[in-house]
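Report on the following structure.
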Amino acid sequence: MNNYINVILPIPLQKLFTYRITKAEASFLSVGMRVAVPFGKSKIFTALVYNIHQDPPIGYDAKEIHQILDDKPLITPKQLINWEWISEYYMCSLGEVMRAAIPSALLLESETLISKNEEFDQIDILNDDEYLIFEALQGRSVLNISEIGKILDKKNVLPVITKLLKHEVVTVHEKIFEQYKPKLVKYIRLREKYNEEVELHKLLDDLSRAKKQRELVLSFFSMVSRTKKPIKKKDLKNKAGVSPAVIKALVDKEVFEIYAIQEDRVSFGNKTSELKELSDLQNAALAEIENSFKEHDVTLLHGITSSGKTEIYTHLIQKVIESGKQVLYLLPEIALTTQIISRLQIFFGEKISVFHSKYSVNERVEVWNNLLERKNKTQIILGARSSVLLPFADLGLIIVDEEHETSYKQFDPSPRYNARDTAIVLAKEHGAKILLGSATPSVESFYNVKKDKYGYVKLDRRFGNVLLPEIELVDIREKHRKKRMTGHFSDRLIKLIQDSLNEKEQVILFQNRRGYAPIVECTTCGIAPQCPNCDVSLTYHKFKNELRCHYCGFRRDMPETCPACENPTLSSKGFGTEQIELELKELFPQTKIGRMDLDTTRGKYGYHKIIRAFQSQDIDILVGTQMLSKGLDFQNVTLVGILNADNMLNFPDFRAHERSFQLMVQVSGRAGRAKKRGKVAIQTFNPYHQILQQVTTHDYEKMYEDQMNERHEFHYPPLIRILKITLKHKDYQRVNNAAEWLGTSLKNNFGEHVLGPTSPVISRIRNQHIKNILIKLPSNQSINYSKSLIQKIRNSFLAISDFRSVRLNIDVDNY
């Protein structure tokens, strides 16, 4: 009887694939191992073994696997259960979860290679492009697809390769390549025979004429006497001040030998300090959390900004790792991980590993492998949302810091999961506890507290009894009327900034839009330069004097004249962080100004450099986007300015008011975190708006109550669940017809709970026309039943030939 395996392939098809294996392979393989399998006509993919069985597939003969890639599983059973939950709840394929979870270096791929057919000699039948490839193969044994593209200077080279295959000019084969390369550090040691004193003296005598070689040997002994550790080749070269040729000469003479040791690319030093003592209030909160964990698996810590939540976390972490379990510490923003790493490293040293997208693929592979091997440095994993997909062995605690943050939600590509909700399910699998921390909890989490699903601990005093910042609303409508505005700064904000600078204190200014100006418009004809690929105007970036699209990345030089009427009357409207930075340089020419947004933090250490410069007070005023609002701790900041609160409040989203409250309170919390009470100035055209009034009094409960009343009236989460379906296609008519068909089918099943189809505010991105359908899943109907209905309608939709090319994305809990 034949043996078979079902495997998960990293593709968006919601099914498993069956392959044939031998009896020996069946006895060796286990669930979670990687195998290379043929797929389609020529491709080879990395697949994960899902199960092993003896049931042949019906209707076709299963292919054999290509090769086994592991000798032990790459994923754990609990990890696979968590992936299955993500796939089922967020209505995506297991393959999409696999591709998101596993670092790409572990997903082997095959590369198509073209080699020449030695027997071909009919050169006269080839056209120019075909002859170019034939000629290139005379000097090279093989070419890959990208090399052929460069030779022909074309993106689509497949038609040329197809013709070459037809004429039997070339042959095609697939080569599998491994992307991950371990980091090998070269060490140097003396050959064994020179451990004897007689041989050593003889060696030194022999080297008396080779001065540099003799110095190298003496430097080696000098280093050995000072440290008992192995000697790195690089360190010895630097110490002796010799060239690599001198070392090579001694290796060739068999005096030294070189050996390599595999090392991790990222490691942290030893701990240098004991945990800080907690205040009475922090100790009381810690005791409450521990009591809450006896009754609830999930507890919400509602601690105001600068109340010392991180110190409470460190004491909880210490207790968990002492019991031999692991801790996952989730953070919403890579900028925040930079600061938290330095704070935790002092207490936990090399017990920490970090996992996020700014780390290289090889660094992420090392964290993955270390977790599988249960190394000491994986007791605490610090990371952004993708960390919930890692192969944990024995989690004891998950901390979700700033749990209200939308950064925990993955929007594109699939799987569109929420890391906070996924972490709660992951904790349940491991029997672990989960602590959600925030100064401004999400309405959903606070709703679960009210329903007694979560425990609740409140910490309403700042550490050291520092008062919350004094918040002042500046009416810029009145300031404009009285001509008291300088650029985008009111006279009041300028005075507050000047006062802080005089006191040698630092300032943070917040504007949630990057670039110089969001719109450039001609004052003669009213035309604004548009992106050719998206339905959106281009944003002006003054530093490079160019117009950019923030959706597809298109860029062009700033035109001198209007492209429509050719008048030199182009003017910018609105303002971003870049414009604020330039205005500040004119207002405060002697002041050091920094900017923190997506444009300035692109590199691996982009965040780290800016945060370190601000902490060491090399920057006096830091201008930034929402990155600044997320739990950063700067002791010398006494003033925070919000340049335009109205943009956030008027955003077309049912969570706009909640998010505005959270963002403004969080940004305000960066002020006055040490001894002196901080100040916050919020510039607005509408100072009497209820959310702004609630921000000034830090009244979270009132905001929650108002939001719940509105959501009850209009049927929005957390009272019901929302699911969004997005349709995309380059042909507007086709996507429109598809949306109408899908909308009608959904309305037949869900009635008035279906909103749309409608076009979003930006209805074309990257030349893809977009239609949205929103489904408010009925609260009196099982969620699984609702999803199965939607899945059936989706299958019927994909069965229609006209709609197969329309991309259909489902986003569960799309907020």
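The values are calculated or read from the model by the stated rules, or taken from the named source; none is laboratory data. All values derive from a computational prediction rather than experimental measurement. Note that we place each Cβ from the backbone using ideal geometry, even for glycine, and neighbour counts take in every protein chain shown. These area figures cover heavy atoms from the full protein model, side chains too; ligands, DNA and RNA do not enter into them. Shrake-Rupley method; radii C 1.70, N 1.55, O 1.52, S 1.80 Å.
With 24 Å as the limit, the listed pairs LYS542/LYS771; LYS15/LYS358; LYS544/LYS573; LYS116/LYS154 have LYS542/LYS771; LYS15/LYS358 beyond it between alpha carbons. Using only alpha carbons, segment 277-390 has a radius of gyration to Kirkwood radius ratio (Rg to Rh) of 0.97. Computed over the chain, the range of Cα coordinates on each principal axis works out to 87, 75, 68 Å, biggest value leading. Among PHE651, PHE220, the sequence by solvent-accessible area, most first, with a 1.4 Å probe is PHE651, PHE220.
For the chain, the Cβ-based charge dipole about the Cα centre amounts to some 1220 debye (Lys, Arg positive; Asp, Glu negative; other atoms uncharged).
Computed across segment 392-548, the Kirkwood hydrodynamic radius from all distinct Cα-Cα pairs reaches 21.3 Å. In a reduced charge model with +1 at each Lys and Arg Cβ and -1 at each Asp and Glu Cβ, segment 424-474 shows a dipole moment near 280 debye about its Cα centre. Pairs of Cα atoms in segment 480-557 fall into 5 Å distance bins, from 0 up to the last occupied one, in shares of 3, 13, 16, 15, 15, 13, 11, 9, 4, 1 percent.
Rolling a 1.4 angstrom probe over segment 453-540 with all protein chains present gives an accessible area of which 46% lies on carbon and sulfur atoms.
Using only Cα positions of segment 189-334, each an equal point scatterer, no hydration layer, compute I(q)/I(0) via Debye at q = 0.11, 0.17 Å⁻¹ and quote the log10 values to two decimals. Values, matching the q order: -0.64, -0.99. Ordering THR758, SER801, SER786 by the projection of their Cα atoms onto the charge dipole of segment 753-815, which places +1 on the Cβ of Lys and Arg and -1 on the Cβ of Asp and Glu, puts SER801 at the extreme positive end. Rounded to the nearest 5, the antiparallel percentage of DSSP beta bridges internal to the chain is 60%.
Using a probe radius of 1.4 Å on heavy atoms only, what accessible surface per residue do you get for segment 321-446? Whole Å² is fine. Could the numbers behind the result be given before it?
Numbers: 3210 Å² over 126 residues.
I get 25 Å² per residue for segment 321-446.
For segment 276-332, the alpha carbon convex hull comes to 103 Å³ per residue, rounded to a whole number. Full extension of the chain between SER27 and LYS609 gives 204.3 nm of extra length, using 0.36 nm per residue less the Cα-Cα distance.
The Cys residues in the chain with no partner Cys Cβ within less than 4.7 Å of their Cβ are CYS92, CYS552.
Site pair HIS167 and ILE346 shows an inter-label distance of 7.1 nm when each label is modelled 7 Å from Cα along Cα→Cβ. Between GLU88 and GLN498, what is the FRET efficiency for a Förster distance of 60 Å, r being their Cβ-Cβ separation, to the nearest 0.05? Given R0 = 60 Å and the Cβ-Cβ separation, E is 0.55. Our summary gives the chain a relative contact order of 10 percent, counting only alpha carbon pairs under 8 angstrom and 6 or more residues apart.
Positive-end ranking of TYR417, ASN448, PHE347 along the dipole of segment 332-465, with charges on Cβ about the Cα centre, is headed by ASN448.
Placing dummy labels 7 Å off each Cα toward the beta-carbon, the span from ASP731 to LYS573 is 3.5 nm. Based on Cα contacts under 8 Å between residues 6+ apart, segment 530-647 shows a relative contact order of 15 percent. Between THR406 and ASN784, the C-beta separation translates, for a Förster distance of 30 Å, into a calculated FRET efficiency of about 0.70.
The 1.4 Å probe gives accessible areas that order TRP83, TRP741, largest first, as TRP741, TRP83. Annotation: LYS679 carries an accessible surface of approximately 80 Å², with a 1.4 Å probe and no ligand, DNA or RNA atoms counted.
Semi-axes of the equivalent ellipsoid for segment 662-801, computed as √(5λ) from the eigenvalues of its C-alpha gyration tensor and ordered from largest down, come to 41, 21, 13 Å.
Each peptide in 785-793, 326-334 was scored by the mean count of other Cβ atoms within 10 Å over its residues; highest first, the order is 326-334, 785-793. The calculated 222 nm mean residue ellipticity attributable to helices in the chain amounts to -11000 deg cm²/dmol, summing -39500 (n - 2.57) over DSSP H runs of n ≥ 4 and dividing by all residues.
Of all lysines in the structure, those lying under 23 Å Cα to Cα from LYS229, and not within fewer than 8 positions of it along the same chain, are LYS183, LYS186, LYS193, LYS237, LYS239, LYS248, LYS271, LYS351, LYS375, LYS377.
A 1.4 Å probe run over the protein chains yields, for segment 556-666, 42 Å² of accessible area per residue, whole-number rounding. Annotation: Cα Rg of segment 1-46 relative to the compact-globule expectation 2.2 N^0.38 Å equals 1.18. Based on alpha-carbon atoms, the Kirkwood radius and the radius of gyration of segment 645-739 give Rg/Rh equal to 1.15.
The residue list ALA260, ILE123, ILE161 was ranked by how far each Cα lies along the charge dipole of the chain toward its positive end, using unit charges on Cβ atoms, and ALA260 comes out on top.
When +1 charges are put on Lys and Arg Cβ atoms and -1 charges on Asp and Glu Cβ atoms, the dipole computed for segment 313-382 relative to its Cα centre reaches about 140 debye. Find the percent of Cα-Cα distances in segment 1-145 that exceed 19 Å, and round it to a whole number. Tail of P(r) above 19 Å: 60 percent of Cα pairs.
Pairs of Cα atoms nearer than 8 Å and 6+ residues apart set the relative contact order; for segment 1-131 it is 28 percent. Counting only protein heavy atoms and using a 1.4 Å probe, the accessible area of THR726 comes to about 20 Å². Each principal axis of the Cα cloud of segment 534-639 was taken in turn, and the coordinate range along them, longest first, works out to 53, 31, 19 Å.
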